[in-house]
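Input: a single structure, listed below in structure tokens.
The values are calculated or read from the model by the stated rules, or taken from the named source; none is laboratory data. No experiment lies behind these values; they were computed from the predicted model shown. Here the Cβ positions follow ideal geometry from the backbone for every residue, glycine too, while neighbour counts run over all protein chains shown. What goes into the accessible areas is simple: the full protein's heavy atoms, side chains included, and nothing from ligands, DNA or RNA. Shrake-Rupley method; radii C 1.70, N 1.55, O 1.52, S 1.80 Å.
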Amino acid sequence: MHRLTPMDEEALYRIHRHINSDFSAIVLLTEPGGRLRVISSIGSRSERTGKLAFRPNQGIAQHVFKYGRSYMIDEASMDRTGLLKTCPLLLAERLSSIIAVPILQHKLPIGLIVTGRRSNFTFSSQDIECAKHEAEAISQSVDALSPLSPR
């Protein structure tokens with residue numbers, strides 16, 4: 001499992017601050033083929049958040065892992081998938097609007113950044129780009145620390 005560097009933590013903080021989020025988290029696989037866990041979070045209101053463990057095919061992770069790209073639920077897009085009522089992480093934190101962006105290792109998802117608000121909100125294109133940019137920085141950190149990284 002990847003341990004976060006201070007630069008990874010700072011990337012999460014930048015997303016949280018830029019988007020003015022109520023909650024932001026880095027969620028990573030605990031081991032290959034394992035479950036996802038919240039490794040770091042800002043703004044958590046639930047004790048359950050740190051204890052959650054879910055599969056990559058559950059909740060918000062299923063959309064990010066299946067396609068390897070960002071997923072968003074906001075006031076403009078609405079929640080057509082019902083995730084706000086079924087995803088353990090979104091329920092625990094009572095989020096109404098979210099952006100989820102993959103963290104990649106060797107171009108495969110190993111985690112995600114989730115940032116959002118507890119009220120209805122419409123994200124701007126700059127919000128989405130900020131989240132993608134910081135997820136890319138964390139992905140590079142993961143690749144650099146991986147024993148399997150090509151050097």
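Per the conditions (1) at pLDDT 90 or above; (2) in a loop (DSSP other than H, G, I, E, B); (3) hydrophobic (A, V, I, L, M, F, W, C), the sole criterion not satisfied by A135 is (2).
Of all the residues in the stretch 66-109, those that are hydrophobic (A, V, I, L, M, F, W, C) and surrounded by fewer than 22 Cβ atoms within 10 Å (Cβ to Cβ) number 9.
Looking at the stretch 82-98, is at least one residue polar (S, T, N, Q) and more than 16 Å from the chain's Cα centre (by Cα)? Before the answer, list the steps.
First, the residues of the stretch 82-98 that are polar (S, T, N, Q): 86, 96-97.
Adding the requirement that they be more than 16 Å from the chain's Cα centre (by Cα) leaves 86.
Yes: one or more hits.
Among the residues making up the stretch 16-45, those that are in a strand (DSSP E or B) and either open to solvent by 10 Å² or more (accessible area, probe 1.4 Å) or among the basic types (K, R) (or both) are L29, R37, V38, I39, S40, S41, I42. Being hydrophobic (A, V, I, L, M, F, W, C), under 20 Å from T122 (Cβ atoms) and in contact with a strand residue (DSSP E or B) (Cβ under 8 Å, 6 or more places away or on another chain) is a property that holds for I99.
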